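The values are calculated or read from the model by the stated rules, or taken from the named source; none is laboratory data. Everything quoted here is computed from the prediction, not taken from an experiment. Cβ placement follows ideal geometry from the backbone for every residue including glycine, while neighbour counts extend to all protein chains displayed. These accessible areas exclude ligands, DNA and RNA; they are computed on the full protein's heavy atoms, side chains included. Shrake-Rupley method; radii C 1.70, N 1.55, O 1.52, S 1.80 Å.
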Amino acid sequence: MSLLGRSLRLHLRGHSVRLASRIIPTSTSTSLRAAKYARSYSTPVTLDPMTGEATSLPDIQPGRLQIIRDENPIPPPPSRTLKFGHTFTDHMLTIPWNAIEGWGAPKIEPYGPFQLEPSSTVLHYAQTIFEGMKAYRDETGKVTLFRPDMNMKRMNNSAQRISLPTFDGEACLELIKELVRIDKHWIPKEPGHSLYIRPTLIGTQKYIGVAPPTEALLFVICSPVGPYYPEGFKPIALYGTTEYIRAAPGGTGAFKLGVNYAPGVMPQKKAAKLGYAQNLWLHGPEHYLTEVGTMNMFVVVRKEDGTHELVTPPLDGMILPGVTRDSVLTLARDHISGKKKLEHLPDNLVVSERPITMTEIKEASHSGRLIEMFGAGTAAVISPVDRIGYLGEDINIPVGQDGMGPVSRPIWKELVGRQMGSIESDWSVVV
């Protein structure tokens, strides 16, 4: 290995070195799964009967999976030392693609650096998309994923938006499950901990030019993480950003693209210097609320008739269709309909997916009708907000003694219960 390769590996693995690997023997259970995958996901090339040319290319095929076990695994670090996104498990999943052969053989192999040509399109034109999902372990040791089908659907939508290859989401999910099975001992046993899973797809064609890539790589890495708020909920302060925007109509705000995130770093640094934890992204001269940092946004206001209105911006092409966002809306609507009542969630609740401006937020605050505000996302689940800096003044937002509000608290409790397995739900998919 070159000195550069060693330094990259040291950096990527948190000061650990990978020295050797081996192909693991195929167990009976692995063989049975492979046979099942081969039957369920076999996607041969389809030929045009007149021309003989390929009209479809092979999709992802779990039955072709090759597993290479790391011979020098390191023990997972103590859970108390975990920092989000800094520690990675022993293995990763890689699946190559090209425009001639379609999706190639999947491989689970030791975590380590890639070799990329300097001319790879991802390095020049940001041809990269990703997802964020989690695996949880319950008290019995059962490992589950939370609504992973939604991540696969969104990833395909993102791929289509920037002309990266799409794929069979169910087949990809089966491979992710296999990766989690191999590295499940990395899932911390302490309450509130989980395994963060990062599927990523990049363009790898060696080409200086703006065009759909003819080569790509889908890879998945995993990172053990602790609770977002290890010492209890701590409401965050937001900076109502009027100088910059996150997205615009007709743009890419509704897709999970790498290009959407780097431009937010500088505004985030500016907000931090002003004493705020995150940006509240606003849009247009009316200052419509869109998202909170990298999370979807919810506001609860009291209407004139006393009803609690849970408001979130509509999916108008600028808003990312978050899995947690959809979960919050579904739980609230099921409560309203009586399908599944949540303890302590107000009965006089209505859900609105509608535009909301900073003017409405200010008026609700001054009149005492602003009940709470929170962000929602995979990392934090629910992140309560206690103030917004806007045009030189702070708008204070009520929070309870535990940092949460009357709507976010019961919804968070239900969500976490379903994720951790203490509440049965078809949203939890067993690994």
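Search the range 129-141 for residues being modelled with pLDDT of 95 or more and surrounded by fewer than 20 Cβ atoms within 10 Å (Cβ to Cβ), and hand back the single one that is nearest to the chain's Cα centre (by Cα).
Gly132
If we keep just the residues of the range 163-212 that are closer than 17 Å to Met133 by Cβ and of a type in the set (Val, Ile, Thr), which is farthest from the chain's Cα centre (by Cα)?
Ranking the candidates gives Ile182 first.
Could you grab the pairs with beta carbons closer than 6 Å, sequence gap of 6+ or different chains, first residue in the range 142-168 and of a type in the set (A, V, I, L, M, F, W, C), second one assigned to a loop (DSSP other than H, G, I, E, B) and open to solvent by 50 Å² or more (accessible area, probe 1.4 Å)?
Sorted first by the residue in the range 142-168, then by its partner, the pairs are Ala159/Thr166.
If you scan the range 384-393, which residues turn out to be surrounded by 15 or more Cβ atoms within 10 Å (Cβ to Cβ) and farther than 11 Å from Ile361 by Cβ?
Pro384, Asp386, Arg387, Gly389
Residue by residue, here is whether (1) of a type outside the set (Lys, Arg); (2) within 26 Å of Pro118 (Cα to Cα) holds:
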site	(1), (2)
His185	yes, no
Leu238	yes, no
Leu257	yes, yes
Ala262	yes, yes
Pro267	yes, no
Lys273	no, no
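Quick one: count up the residues across the range 296-323 that are among the aliphatic types (A, V, I, L, M) and either free of Cβ contacts under 8 Å to residues at least 24 places away in the same chain or not in a loop (DSSP other than H, G, I, E, B) (or both).
7
Does the range 398-423 hold any residues that are among the β-branched types (Val, Ile, Thr) and open to solvent by 10 Å² or more (accessible area, probe 1.4 Å), and which are they? Walk me through it before giving the result.
Here is the first cut: in the range 398-423, the residues among the β-branched types (Val, Ile, Thr) are 399, 407, 411, 416, 423.
Hits for the range 398-423 are Val399, Val416, Ile423.
Please count how many residues of the range 334-383 are open to solvent by less than 30 Å² (accessible area, probe 1.4 Å) and small (Gly, Ala, Ser).
7
Run down Pro188, Pro199, Pro249, Pro235 and say which single residue is surrounded by 19 or more Cβ atoms within 10 Å (Cβ to Cβ), of a type outside the set (Val, Ile, Thr) and under 30 Å from Asp386 (Cα atoms).
Pro235
Examine the range 84-93 for a residue that is at pLDDT below 95, within 26 Å of Val429 (Cβ to Cβ) and open to solvent by less than 80 Å² (accessible area, probe 1.4 Å), and state whether such a residue exists.
Within the range 84-93 (the criterion being at pLDDT below 95, within 26 Å of Val429 (Cβ to Cβ) and open to solvent by less than 80 Å² (accessible area, probe 1.4 Å)), the answer is yes, since at least one residue qualifies.
Of (1) closer than 16 Å to Thr204 by Cβ; (2) in a loop (DSSP other than H, G, I, E, B), Ile129 satisfies all except one. Which?
The one condition Ile129 does not meet is (2).
Take the range 270-295 and flag every residue that is open to solvent by 60 Å² or more (accessible area, probe 1.4 Å), in contact with a strand residue (DSSP E or B) (Cβ under 9 Å, 6 or more places away or on another chain), part of a loop (DSSP other than H, G, I, E, B) and modelled with pLDDT of 95 or more.
Matches in the range 270-295: Leu274, Glu286.
Being out of contact with any helix residue (DSSP H, G or I) (no Cβ under 7 Å at 6 or more places or on another chain) and closer than 25 Å to Pro212 by Cα is the filter; apply it to the range 168-181 and report the residue that is surrounded by the most Cβ atoms within 10 Å (Cβ to Cβ).
So the residue we want is Asp168.
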